[in-house]
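Sharing a structure with you now.
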């Protein structure tokens, strides 16, 4: 531990050649949040209906649907680490604009065919776009904030994202009706919306995003990037374990959620309602951010993630449709109070100069796990039906059990170093 701390201290002396911001740059965060609201509304409109489109219009098998979902994660895990490290060198903005633009083009390609095989390529390209946006975007938020307000910033960003995820299914239903209420053009209308809002967002980001001066000064100092082995300290590895096991569950969830509900007799409209039920409580993520800046980020992170794991376990063990809505609300609240705390906590244990690299590694591990989940889901579904979702929740819970004591000790160390900032519950 002393050796790791010495390495980090020596690196901090180099990378802090530029002054840290004296206050959070809220206007820039507002631009980023507004852009996320728009993009996620398009994403939220598409996501609940894509598996149904592939099943009912493209006549895809469960294997192909799993392959389409998996292709997104292939794109993200192949490129997240590369783009994250590149953002440490050239800046965050170029990667963010490129990624959103590529996502838009990929979504427009949904209109070009109903052959299910092509959707594997289209989702792969969307994954590459996400790989460019996510590590760079998370690192940019950290650079625009000070520690005292960082959870709030991530909270407002998450509120904006899930505001879009709420708006997406709400918008999708009239779009579906506008497209005729049945057939491929009902779905194509939704795809057009998703591609258009992403294209407009890419233009807006190119015009209005400004990276902070201190970050540009840091990148101007030419230093040899440390190896990933040095960057992935034990606390960082614990974060990666939590992200990996949780995203395995998300990979299973993406493939099976809509299909499992349809098997239980749910309508397409009800499937959209479940996404809304989960997403509406996420609008309170800004409140979770305020709590995390004031209280114990470790407690907030682990209580929320644990509730999510138990929610997944529940989903596979019931056929009561109204209960799906109720538990979705509880899970959404849990994510709202845990995610801003987790993001700010992770920033605290990483050397600022190489935050993009670490975010890229985390994203890579998350997407590898989600990829495995998407491939395993159709196989296991043949034998276990909805219990596959419960199994995924148990995997997530195991990851939390491993990481909790490691990160509790790390939180104690950070709190001892900065008692004037961090309080306990």
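FYI, it's all coordinate maths here, none of it is from the lab. Model, not experiment: these values are computed from the prediction. Backbone-built Cβ (ideal geometry, glycine too); neighbour counts: all protein chains shown.
Give me the angle, in degrees from 0 to 90, between the Cα long axis of helix 297-315 and the longest principal axis of the Cα atoms of the chain, rounded to the nearest 10.
Between the helix axis and the principal axis of the chain, the angle is about 20 degrees.
How much length would be gained if the chain were fully extended between residue 111 and residue 52, taking 0.36 nm per residue of separation minus their Cα-Cα distance, in nm to one decimal?
Stretched out fully, the residue 111 to residue 52 stretch lengthens by 19.7 nm.
Quick check for you: which residues of the stretch 255-285 have the amide N under 12 Å from the point 7 Å beyond the Cα of residue 120 toward its beta carbon?
So the set is empty, nothing qualifies.
For the stretch 22-417, calculate the relative contact order in percent as a whole number, restricting contacts to Cα pairs under 8 Å that are 6 or more residues apart.
29 percent
Between residue 402 and residue 379, what FRET efficiency follows from the Cβ-Cβ distance if R0 is 22 Å, with the result rounded to 0.05?
0.30
May I ask you to derive the FRET efficiency for residue 290 and residue 394 from their Cβ-Cβ distance with R0 = 51 Å, giving the value to the nearest 0.05?
Computed FRET efficiency for residue 290 and residue 394: 0.95.
Give the calculated FRET efficiency between residue 34 and residue 63 to the nearest 0.05, with a Förster radius of 41 Å applied to their Cβ-Cβ distance.
That gives a FRET efficiency of 0.55.
Counting other C-beta atoms within 10 Å, which of 299, 223 has the fewest, and how do the rest follow?
If I rank by nearby Cβ atoms, fewest first, I get 223, 299.
Cα centroids of the stretch 281-315 and the stretch 337-403: how far apart, whole angstrom?
Spelled out, the Cα-based centre of one part sits 15 Å from the other.
In addition: Can you give the angle from 0 to 90° between the axis of helix 234-263 and the longest principal axis of the chain, with both taken from C-alpha atoms, to the nearest 10?
Between the helix axis and the principal axis of the chain, the angle is about 10 degrees.
Something else now. Label residue 220 and residue 90 with points 7 Å out from Cα along Cα→Cβ: what is the distance between them in nm?
With each label placed 7 Å out from Cα toward Cβ, I get 2.0 nm.
Now, a different point. Of 318, 76, 24, which is the most mobile in a GNM of the chain whose springs link Cα atoms less than 10 angstrom apart?
Looking only at 318, 76, 24, the largest GNM fluctuation is found for 318.
A further question follows. Would you give the gap between the C-alpha center of the stretch 134-164 and the C-alpha center of the stretch 217-237, rounded to a whole Å?
Comparing the Cα centres of the stretch 134-164 and the stretch 217-237, I get a distance of 21 Å.
By the gyration tensor of its Cα atoms, with a ≥ b ≥ c the square roots of the eigenvalues, what is the shape of the chain: rounded for a/c under 1.5, prolate for a/b over b/c, or oblate?
Taking the square roots of the gyration eigenvalues as a ≥ b ≥ c, the chain is prolate.
In degrees, nearest 10, range 0 to 90: what is the angle between the Cα axis of helix 285-294 and the longest Cα principal axis of the chain?
Around 20 degrees separate the two axes.
Return the calculated 222 nm mean residue ellipticity for the chain, to the nearest 500 deg cm²/dmol, obtained by summing -39500 (n - 2.57) across DSSP H runs with n ≥ 4 and dividing by the residue count.
-28000 deg cm²/dmol
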